[in-house]
Amino acid sequence: MAGGNERSMKALKEVWKRAENSLCADCGKPDPDWASSTLGVFICLSCSGIHRNIPSISKVKSLKMDYWDDAQVQFLAKHGNAVTKAIYEAHIPIYYYQPTYNDCQVLREQWIRAKYERKEFTELGKQLPYSDGVKEGILWKRGRDNGQFLPRKFLLSEREGCLKYFTKQDAKEPKINVKIDVINATFQPEKIGNPNGLQITYLKDNKTRNIFVYHESGKEVVDWFNAIRSVQFHYLKVAFPIASDNEIKNRLTRNFLKEGYMEKTGPKQREAFKKRWFTLDHRRLMYFKDPLVRRRCDRRAAAGSGTE
Ligand SMILES: [Zn+2]
């Protein structure tokens, strides 16, 4: 048997070396050293952990430590990342966010489940929970004063081009009504203290405001995120008819470039230094009293010298 073992491990190395298998099939991380023996994809350690939680779809093995028999190696050789992606990523909506290895767990897990478990992208024109142009549901929203999370009804509408939320279930008037083109949504699990924590940022009266929300279900919160991107995409398509799809895609929700605490003084530069939370987003530098406040301290974002 030793001969067969050696032969199949040599064949495995040949398949593994192919250029198409040099990046993780799910997050793009270089040099994957795990693979799914049922899907035929080469993946990184972190994505293999997600696959392991979906045993009905994927069986993962280490390429370095586990034994692969001839039949399994042949299966990998016949499939591999290029063939498998052509099947499971055939029809991804342009606005759908495809996470990379820098993204948080909930985004990466739901991307993997959307691809292989729910098969959301295998057929053209499939009805998807974020493609209707309208989404309504309850999200847990962080209260302004005591920081407690309370259930709030949110409504996203492509026809009205806005996102609203209501403080009472049966309220007719929304508490806020924000135009879709001034919204940014970004996952902030650590900051919000929940693995499904989403920060929604918007401009009102030239001030940046924040809403912090989560949903118990990772699928639901990622569906909300992609529904916002879908509505933004279609809104911008109408507003900028000559822009290409890719140009519009680049204007959808984005991650902040940099965030963290810095010490800042006042406008006279003689004031005592205070610890402030800074966020660099696009070309805007904002600062807040702490990471979870709704409203920015200053008005003049670019100058970074606002008074308090
Ligand atoms: Zn990966």
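Results for (1) within 11 Å of the ligand (Cβ to nearest atom); (2) assigned to a loop (DSSP other than H, G, I, E, B); (3) at pLDDT below 95; (4) more than 21 Å from Met9 (Cα to Cα), shown as yes or no for each residue.
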{"residue": "Asp26", "(1), (2), (3), (4)": "yes, yes, no, yes"}
{"residue": "Ala35", "(1), (2), (3), (4)": "no, no, no, no"}
{"residue": "Gly40", "(1), (2), (3), (4)": "no, yes, no, no"}
{"residue": "Ser48", "(1), (2), (3), (4)": "yes, no, no, no"}
{"residue": "Ile54", "(1), (2), (3), (4)": "no, yes, no, yes"}
{"residue": "Ile57", "(1), (2), (3), (4)": "no, yes, no, yes"}
{"residue": "Lys61", "(1), (2), (3), (4)": "no, no, no, no"}
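Would you mind finding the one in Asn81, Asn102 that is modelled with pLDDT under 95 and within 13 Å of the ligand (Cβ to nearest atom)? Of the residues listed, the single one that is modelled with pLDDT under 95 and within 13 Å of the ligand (Cβ to nearest atom) is Asn102.
Selection of strands (runs of 3 or more DSSP E) fully inside the range 106-171 by the criterion of at least 2 residues being under 20 Å from the mean Cα position of the chain (by Cα) returns 134-142, 149-157.
In this entry, Glu14 is excluded by the filter for residues that are within 13 Å of the ligand (Cβ to nearest atom), among the acidic types (Asp, Glu), open to solvent by 30 Å² or more (accessible area, probe 1.4 Å) and not in a loop (DSSP other than H, G, I, E, B).
Filtered by the rule that a residue be open to solvent by 30 Å² or more (accessible area, probe 1.4 Å), under 15 Å from Ser48 (Cβ atoms) and in contact (Cβ under 8 Å) with a residue 12 or more places away in the chain, the range 59-75 gives Lys59, Lys61, Lys64.
Yes/no matrix, rows are residues, columns are (1) open to solvent by less than 10 Å² (accessible area, probe 1.4 Å); (2) on the phi < 0 side of the Ramachandran plot; (3) touching an Asp or Glu at 6+ places or on another chain (Cβ under 9 Å):
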{"position": "Lys29", "(1), (2), (3)": "no, yes, no"}
{"position": "Val41", "(1), (2), (3)": "yes, yes, yes"}
{"position": "Ser56", "(1), (2), (3)": "no, yes, yes"}
{"position": "Lys85", "(1), (2), (3)": "no, yes, yes"}
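Among the residues of the range 209-223, at least one is open to solvent by less than 10 Å² (accessible area, probe 1.4 Å), of a type in the set (Phe, Trp, Tyr) and not in a helix (DSSP H, G or I). If you go through the range 86-99 and pick out every residue that is within 15 Å of the ligand (Cβ to nearest atom) and not aromatic (Phe, Trp, Tyr), you end up with 3. Among the residues of the range 63-78, not a single one is modelled with pLDDT of 95 or more, in contact with a His (Cβ under 8 Å, 6 or more places away or on another chain) and among the hydrophobic types (A, V, I, L, M, F, W, C). Exactly one residue out of Pro241, Pro195 is modelled with pLDDT under 95, open to solvent by 10 Å² or more (accessible area, probe 1.4 Å) and in a loop (DSSP other than H, G, I, E, B): that is Pro241. Against the conditions (1) open to solvent by 20 Å² or more (accessible area, probe 1.4 Å); (2) aliphatic (A, V, I, L, M); (3) touching a residue at least 60 places away in the same chain (Cβ under 8 Å), where does Leu150 fall short? Just the number, please. Status for Leu150: all satisfied but (3). Among the residues of the range 106-114, is any surrounded by 13 or more Cβ atoms within 10 Å (Cβ to Cβ), among the basic types (Lys, Arg), assigned by TED's automatic domain parsing to the domain that holds Met9 and modelled with pLDDT of 95 or more? Yes: one or more hits.
The values are calculated or read from the model by the stated rules, or taken from the named source; none is laboratory data. Since the model is a prediction, treat every value here as computed from it, not as a measurement. Quick reminder, even Gly has a Cβ in these numbers, built from the backbone with ideal geometry, and neighbours come from all protein chains shown. In case anyone asks, the SASA skips ligands and DNA or RNA and just uses the protein heavy atoms, side chains included. Shrake-Rupley method; radii C 1.70, N 1.55, O 1.52, S 1.80 Å.
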